[in-house]
Structures are given as C-alpha cells and as structure tokens.
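Accompanying notes for the structure given below.
The values are calculated or read from the model by the stated rules, or taken from the named source; none is laboratory data. Owing to the predicted nature of the structure, the values given are computational and were not obtained by experimental measurement. Glycine also receives a Cβ, built like all others from the backbone with ideal geometry; neighbour counts cover every protein chain displayed.
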C-alpha cells in the first residue's frame with residue numbers, strides 16, 4: 001500500500017523552517033541543544049515526516065529570531081496542517097507553492113501537465129517563460145526569481161532517470177503570440193526537440209476536440225498517492241484528498257488528444273507555415 005507523503009502544507013512548513021534555520025546560521029545540533037530536543041526531531045520536522053505543533057514552531061522561530069510576516073505565515077501553516085488541500089491567493093504564497101511543486105516533481109515517477117493558454121512550464125524556453133510571466137501579471141521585480149525557479153523545475157528532465165512527462169497542449173497555445181513571432185517560433189522548435197526524448201510524450205489537443213480540462217499538473221508517485229496542482233492567474237491550489245484527485249485521474253483528455261507522432265507533425269506544420277510567411281524573422 002502506498003506510504004503517505006507529507007502533505008503540501010507540511011512540506012511547505014518544513015521547507016520554511018529549514019530556510020529560517022539556515023538563515024540563522026544554526027546547525028541542527030545547536031537547535032536541538034537550545035530546545036533540549038533530539039537532533040532526529042529537528043531532522044524529521046525539516047523533512048515533513050513529523051509535522052510540528054504550533055507551539056513547537058513558535059519555539060523554533062524564537063530560536064531563529066524570526067518575527068513579523070514570516071513568523072505569522074509559518075504559524076498559520078502549522079495551525080492549518082491537517083486541513084484538506086491548500087489554496088493560496090497571495091503572490092508570495094503562490095511562489096511558495098511553486099517551490100513545493102518543484103520538490104514533488106523530483107519525487108514523481110510521472111508528471112502530467114495539461115495546458116490551455118500557455119505552453120508547458122517544464123518545456124518553456126527562457127524567452128518564452130519571461131514573456132509568459134509578464135502577461136500573467138507577475139511584477140517586473142519578481143520575474144527573475146520566477147525564471148530561476150522555472151529553470152530549477154526543468155532540471156528534473158535532466159536527471160539520469162527522469163519522471164515520465166506527458167504534456168497535453170491545446171492547439172490554440174501553438175498560435176498564441178507570447179513574446180512575439182520569433183520567441184514563439186523558437187519555442188515551437190524547442191517543443192519538437194523535447195518531444196524526441198524517451199521520457200517525454202507531447203500530445204496536442206486539436207481544435208476539433210472541443211472542450212477539455214484546464215491548466216493542471218497531476219503528479220504520480222511510485223510509493224504514494226497522486227496529487228494535483230491547479231494554477232490560476234494569481235492563485236494556486238494543491239489537491240491531495242483522493243476524492244478530489246480522482247476526477248483528474250479519470251480525465252478524458254487522453255482520448256481526444258493527438259498521439260505523439262501526429263502532435264509533433266502538427267507543431268512542425270505550424271513552424272513551417274510561419275516560416276513561409278516570414279513570421280519567424282519578425283520581432
């Protein structure tokens with residue numbers, strides 16, 4: 001039977017506490033001595049295996065001398081640790097969710113990314129990603145941080161044994177002018193190149209398919225139950241309760257998407273048509 005993985009909230013709390021300890025330049029042994037805890041307790045808390053109580057989080061943050069909004073955010077996570085799913089509507093919260101998503105992607109055996117408006121994050125070029133972040137409303141001062149996080153997420157495909165990536169792309173996203181003709185043209189060529197990797201299945205959902213589910217990432221694990229991440233313009237939602245994840249496991253998009261070979265041919269035809277029009281030379 002699959003072992004339970006730390007919930008997204010528990011993992012976010014663990015990551016936040018680890019970051020604060022390192023910022024305080026304290027080793028686990030030093031923290032354990034100050035609180036009269038075992039080092040293994042600190043380790044289990046920082047890996048999400050043992051979610052701490054609000055009182056324990058308060059004690060840790062006192063040792064780390066954390067105050068203000070950071071302290072309030074971590075305490076809120078600890079109090080909500082057992083609540084189902086995890087919704088964030090604040091910019092900082094959504095960025096934090098994206099960092100936790102990156103951790104889960106490294107653990108996953110299979111990643112299914114379904115996109116309707118933009119092309120898959122794990123296969124975006126830097127120029128396309130920059131333009132995509134701008135059009136989705138990310139403040140200019142935060143774009144570099146988001147770009148770096150996307151680069152980190154994409155490294156999962158460079159692993160010796162990467163997870164299987166199945167990317168469902170709405171045909172409309174192949175034509176949407178994100179970043180201008182040249183940026184989009186380079187991005188489409190990159191998709192074709194990525195589709196040649198053994199661990200990648202690129203599936204285009206053609207216009208003729210009609211409606212299909214919106215943007216989400218479904219993560220499957222060899223030793224734990226699957227979970228889903230839904231991304232919106234300024235909010236994000238982790239689903240991990242089986243009843244909430246089940247509809248995404250039963251998605252019908254696979255039945256209406258083109259197979260990988262026809263998908264690549266369609267993308268290549270879009271690139272060829274744009275080249276004939278001279279679009280790929282435009283700025």
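For segment 35-60, taking the residues that are in a helix (DSSP H, G or I) and more than 25 Å from residue 104 (Cβ to Cβ), the one that is nearest to the chain's Cα centre (by Cα) is identified as 58.
Is segment 250-257 home to any residue that is under 26 Å from residue 83 (Cα atoms) and either assigned by TED's automatic domain parsing to the domain that holds residue 118 or exposed (fewer than 13 other Cβ atoms within 10 Å of the Cβ) (or both)? Yes, segment 250-257 contains a residue that is under 26 Å from residue 83 (Cα atoms) and either assigned by TED's automatic domain parsing to the domain that holds residue 118 or exposed (fewer than 13 other Cβ atoms within 10 Å of the Cβ) (or both).
Against the definition (touching a residue at least 40 places away in the same chain (Cβ under 8 Å) and not in a strand (DSSP E or B)), how does residue 191 come out, yes or no? So residue 191 fits the description; yes. Once segment 61-74 is narrowed to residues that are touching a helix residue (DSSP H, G or I) at 6+ places or on another chain (Cβ under 6 Å) and free of Cβ contacts under 8 Å to residues at least 60 places away in the same chain, the residue that is surrounded by the most Cβ atoms within 10 Å (Cβ to Cβ) is 66. Candidates in segment 12-31 are the residues that are within 19 Å of the chain's Cα centre (by Cα) and buried (at least 21 other Cβ atoms within 10 Å of the Cβ); of these, the one that is nearest to residue 219 (Cα to Cα) is 12.
Picking from residues in segment 142-187 that are without any contact (Cβ under 8 Å) to a residue 24 or more places away in the chain and within 14 Å of the chain's Cα centre (by Cα), the one that is surrounded by the most Cβ atoms within 10 Å (Cβ to Cβ) is 147.
Among the candidates 237, 202, the residue that is more than 23 Å from residue 162 (Cβ to Cβ), touching a strand residue (DSSP E or B) at 6+ places or on another chain (Cβ under 8 Å) and either outside the structural domain of residue 183 (by TED's automatic domain parsing) or part of a strand (DSSP E or B) (or both) is uniquely 237. The set of residues in segment 101-112 being in contact with a helix residue (DSSP H, G or I) (Cβ under 7 Å, 6 or more places away or on another chain) and surrounded by 22 or more Cβ atoms within 10 Å (Cβ to Cβ) consists of 105, 111. Could you tell me whether any residue of segment 162-185 is at pLDDT 95 or above, out of contact with any helix residue (DSSP H, G or I) (no Cβ under 9 Å at 6 or more places or on another chain) and over 28 Å from residue 93 (Cβ atoms)? Yes: one or more hits. The residue list 84, 126, 139 contains one member that is over 12 Å from the mean Cα position of the chain (by Cα), closer than 16 Å to residue 248 by Cβ and surrounded by fewer than 16 Cβ atoms within 10 Å (Cβ to Cβ), which is 84. Scanning segment 99-122 for residues that are outside any strand (DSSP E or B) and at pLDDT below 90 yields 116, 117.
Across segment 205-224, the qualifying residues are those that are outside any strand (DSSP E or B) and closer than 24 Å to residue 158 by Cα, and the one among them that is modelled with the highest pLDDT is 221.
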